[in-house]
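Peer 1: The following block contains the structure, expressed as structure tokens.
The values are calculated or read from the model by the stated rules, or taken from the named source; none is laboratory data. In this text, all values refer to a predicted model and were calculated from it rather than measured experimentally. Cβ sites come from the backbone with ideal geometry, for glycine too, and all protein chains shown count toward neighbours. Note: areas computed on protein heavy atoms with side chains; ligands, DNA, RNA excluded. Shrake-Rupley method; radii C 1.70, N 1.55, O 1.52, S 1.80 Å.
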Amino acid sequence: MKQSIKYIIGFVLALASLVSCELDTKDDFFHTDETLHTTYGYLFGFTHRAYTYVPNGFNAIDNNLFAAVSDEAQYVTTTSNSQLFNEGSWSKYKNPGDKFAYMYQGIHDVNYALENTGDYKDVLLIGRDTTTTQGKDNYELDVEDMAWLRAEMKALKAFYYLELFQRYGGVPLIDETNDQDPEAINLPRASVTEVVGEIVSLIDEVSGSLVTDWNATGFKTRAGRMTQGAALSVKARALLYYASPLFNPDNNSERWQKAAKAAHDVIETNLYSLDNSYEGLFKGSNTSTSPEVIWALRLGQTNLLEKSNYPIATPGGQTGIAPCHNLVDAYEFKGAPTGDMWSNKDPRFYATILKNGDTWNGRTLQVYEGGTDDPANNNASPTGYYLKKFLNENLDLTVNSSDVRSWILFRYAETLLTYAEAMNEAYGPDNNSGYRYTAREALNIVRARPGVEMPAVDNGEDQNTLREAIKHERRIELAFEGHRYMDLKRWKDAEVVLNQSVSGVKQGEGTPLSYEVVQVAERYFDASKMYLYPILESNIVRSDYVLEQNPNW
């Protein structure tokens, strides 16, 4: 056993996890190493603790979605952390999107759990009677569950490295706790290749040792923990980033091939399918139970997102983030344009964004001059649009009504688009290279999803044109899910897109309403340094300057 140190253990979390696996609980309880090994309840408790660092995208910045730092949305108030990004005033001293120390705390807890559960079979015997059939069966079930948890820890560690890699590039690889402050990362940074190699190695090591479907095991209460599909999805996303222009400037085709294979491995599990309702996928219990969801962070009953993003004119609402016209204009028309820029659009538009005249929470939105939702009103949307995606409708916030919600970390549509992008770069639009789909076919499966049925991208598209079609599809399909800002950076498109202003619509009185597209806010992106986050100077100092800063910060 490792030396005795006082360590914060999620005892309440353990109980909550074993009942519902809502992994956002942060209640703490102090125990020593010796105490931990006296009861199997604590053994499971501090293993579950490592899950508490899984990020909740609903409070990524300003206690809201990360969309407001891209061209997807504008935060309603200018005095916000989003504004620091948008005006380029974030720095190595203040980065509201920083995850460096937080992810290493998660890695520390993973290492600690792995180091202190090697004797779990013996620990699980303490205080129990295994002479009866029931006692023996319960013991064997707990042993099986602990074996799964240990495999999950390695996949979870790979996920935390992915979160670091996509933000900072190469980062230190830490294999043991060494009793150090988890924020005092005083090892040199590994290269990007080494970090991605570690992610792949960790996933490969536990592949086959993870549960494929918690419902199929009879342990429905464990749903929310890592599965085989979730682990394979971590690997696929990591390899996609590694193959992308930001980290692959020489366009090494082998990287794209590996990314395609990794995404195909998820497809080949045959466990996932596109939901029958794009809008319904992001509401209520569907966010964790849909056949499209690969892994989701379960948050339980909540109304925080509704409070943050219901229109200010709706009792209890605060507006929060406002979708930009830049995104609205990107939605394709489904067939010939009608002359009305909001009619006959891709159905995902109507599932994602609210506009003037829409009925929402029992009233009609009046987003025009003199209307109830006039953008000139205090805290009203400055863009003329409101968020609809994710929000449960008709919650009475005045009496604190709520509904269940999960943050979807990986879903099948993303897998198909990852596959399409990697296949197109590795083999071109129409060569399946022995896999199930070509790049074009995978793209069109997403476009043809139930209730969307957008026209297929035809066979006249070459590799370059299909690349742009795939980028477009990610923008639309994954809107507000935390991908846009990172996608723009890995494609090396940020220096163009994030140096353009974001726009909205101003609508006048009359029937029909007149409107004009207006500039809402500027965006600024310094290509010399902003493709990678800075490591906060406090972390550099804490490392005794062993950590090297990213260029030009």
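Peer 1: Cα-Cα over 30 Å: which of Lys99/Lys121; Lys136/Lys235; Lys334/Lys529; Lys99/Lys307? Show your work: numbers first, answer last.
Peer 2: Working: Lys99/Lys121 35 Å; Lys136/Lys235 37 Å; Lys334/Lys529 40 Å; Lys99/Lys307 25 Å.
Result: Lys99/Lys121; Lys136/Lys235; Lys334/Lys529 exceed 30 Å.
Peer 1: Now a separate question. For a protection proxy built on the mean count of beta-carbon atoms within 10 angstrom, sort 368-378, 95-105, 134-144 highest first, please.
Peer 2: The densest-packed peptide leads the list: 95-105, 368-378, 134-144.
Peer 1: Any chance you could give the angle, 0 to 90 degrees and rounded to 10, that helix 412-427 forms with the longest Cα principal axis of the chain?
Peer 2: Taking Cα atoms only, the helix is inclined about 80 degrees.
Peer 1: Are there chymotrypsin sites (Phe, Trp or Tyr not before Pro) in region 505-546 that DSSP marks as loop and that have at most 11 other Cβ atoms within 10 Å, and which are they? Walk me through the intermediate numbers first.
Peer 2: Values: sites: Tyr515, Tyr524, Phe525, Tyr531, Tyr545; in loops: Tyr524, Phe525, Tyr531, Tyr545.
When the chymotrypsin sites (Phe, Trp or Tyr not before Pro) of region 505-546 are filtered for loop state and at most 11 Cβ neighbours within 10 Å, Tyr545 remain.
Peer 1: May I ask which of Lys389/Lys506; Lys355/Lys471; Lys220/Lys471 have a Cα-Cα span longer than 32 Å here?
Peer 2: The answer is Lys220/Lys471.
Peer 1: Still on this structure, I have one more. Over the residues of region 78-169, compute the C-alpha Rg and express it relative to 2.2 N^0.38 Å.
Peer 2: For region 78-169, the normalised Cα radius of gyration comes out at 1.72.
Peer 1: Let me ask something additional. For labels at Asp430 and Ser401 in the simple 7 Å Cα→Cβ model, what's the distance in nm?
Peer 2: 5.3
Peer 1: When the helix-only estimate is applied to the chain (DSSP H runs of n ≥ 4, each -39,500 (n - 2.57), divided by the residue count), what is the mean residue ellipticity at 222 nm, nearest 500 deg cm²/dmol?
Peer 2: -11500 deg cm²/dmol
Peer 1: As an exercise, take the mean of 1/r over every pair of distinct alpha carbons in region 382-447, invert it, and state the Kirkwood radius in angstroms.
Peer 2: Computed over region 382-447, the radius equals 15.1 Å.
Peer 1: Starting from the Cα of Ser207, step 7 Å along the direction of its Cβ; do the same at Asn252; then give the gap between the two resulting points in nm.
Peer 2: Each label point lies 7 Å from its Cα, and together they span 1.8 nm.
Peer 1: Give me the three principal axis extents of region 497-537 from the C-alpha atoms, as integers in angstrom, largest value leading.
Peer 2: Cα extents, longest axis first: 55, 17, 10 Å.
Peer 1: Follow-up. In whole angstrom, how long is each semi-axis of the equivalent ellipsoid of region 202-274, when you take the square root of 5 times every eigenvalue of its Cα gyration tensor and sort them from largest down?
Peer 2: Taking √(5λ) for each Cα gyration eigenvalue gives 28, 11, 10 Å.
Peer 1: Among Tyr139, Asn379, Ala155, which residue has its Cα furthest toward the positive end of the charge dipole of the chain, with +1 on Lys/Arg Cβ and -1 on Asp/Glu Cβ?
Peer 2: Value: Asn379.
Peer 1: So, one more: Calculate, in nm to one decimal, what Tyr524 and Asn186 gain on full extension: separation in residues at 0.36 nm each, minus their alpha carbon distance.
Peer 2: Taking 0.36 nm per residue and subtracting the Cα distance, the gain is 118.4 nm.
Peer 1: For Glu509 and Glu453, what does the FRET efficiency come to when R0 = 25 Å and r is the distance between their Cβ atoms, rounded to the nearest 0.05?
Peer 2: 0.10
Peer 1: Of the labelled options [x] 1.01; [y] 1.09; [z] 0.97, which one gives Rg/Rh (Cα atoms, Kirkwood Rh) as computed for this structure?
Peer 2: Derived directly from the coordinates: [z].
Peer 1: In Å², what does the accessible area per residue of the chain work out to with a 1.4 Å probe?
Peer 2: 38
Peer 1: Using a 7 Å offset from the Cα along the Cα-to-Cβ direction at both Thr465 and Ala376, what is the distance between the two label points in nm, to one decimal?
Peer 2: 4.7
Peer 1: In terms of Cα to Cα distance under 13 Å, which aspartates and glutamates are near enough to Lys345, apart from those fewer than 8 places away along the same chain?
Peer 2: By straight Cα distance, Lys345 reaches Asp329, Glu332, Glu453.
Peer 1: Moving to a separate point now. Can you compute the charge dipole magnitude of the chain about its Cα centre, using +1 on each Lys and Arg Cβ and -1 on each Asp and Glu Cβ, nothing else charged? Give it in debye, rounded to the nearest 20. Before the final figure, lay out each step's value.
Peer 2: Working: 51 positive and 75 negative charges, 39 e Å.
Dipole of the chain, to the nearest 20 debye: 180 debye.
Peer 1: On a 0 to 90 degree scale, rounded to 10, what angle separates helix 133-168 from the longest Cα axis of the chain?
Peer 2: The angle comes out near 50 degrees.
Peer 1: Which net charge results for the neighbourhood of Ala147, defined as the other residues with beta-carbon distances under 11 angstrom from its beta-carbon, given Lys and Arg at +1 and Asp and Glu at -1? Can you show the working numbers first?
Peer 2: Values: positive: Lys121, Arg150; negative: Glu140, Asp142, Glu144, Asp145, Glu152.
Its environment carries a net charge of -3.
Peer 1: Can I ask one more? Remind me, relative contact order of the chain in percent, using alpha carbon pairs under 8 angstrom and six or more residues apart?
Peer 2: Reported as a whole number, the value is 18 percent.
Peer 1: Among all the aspartates and glutamates, which ones have a C-alpha under 14 Å from Lys283's C-alpha, if same-chain residues fewer than 8 places away are not counted?
Peer 2: Result set, ordered by chain and number: Asp275, Glu292, Glu306, Glu393, Asp403, Glu481.
Peer 1: So what's the angle, to the nearest 10 degrees on a 0 to 90 scale, between helix 100-115 and the longest Cα principal axis of the chain?
Peer 2: 30
Peer 1: Expected output is a single nm value to one decimal: the length gained when fully extending between Asn270 and Ser91, i.e. 0.36 nm times separation in residues minus the C-alpha distance. What is it?
Peer 2: My answer for the length gained is 60.0 nm.
Peer 1: Compute the FRET efficiency between Phe333 and Val496 as 1/(1 + (r/R0)^6), taking r as their Cβ-Cβ distance and R0 = 22 Å, and round to the nearest 0.05.
Peer 2: Working from the Cβ atoms, E equals 0.35.
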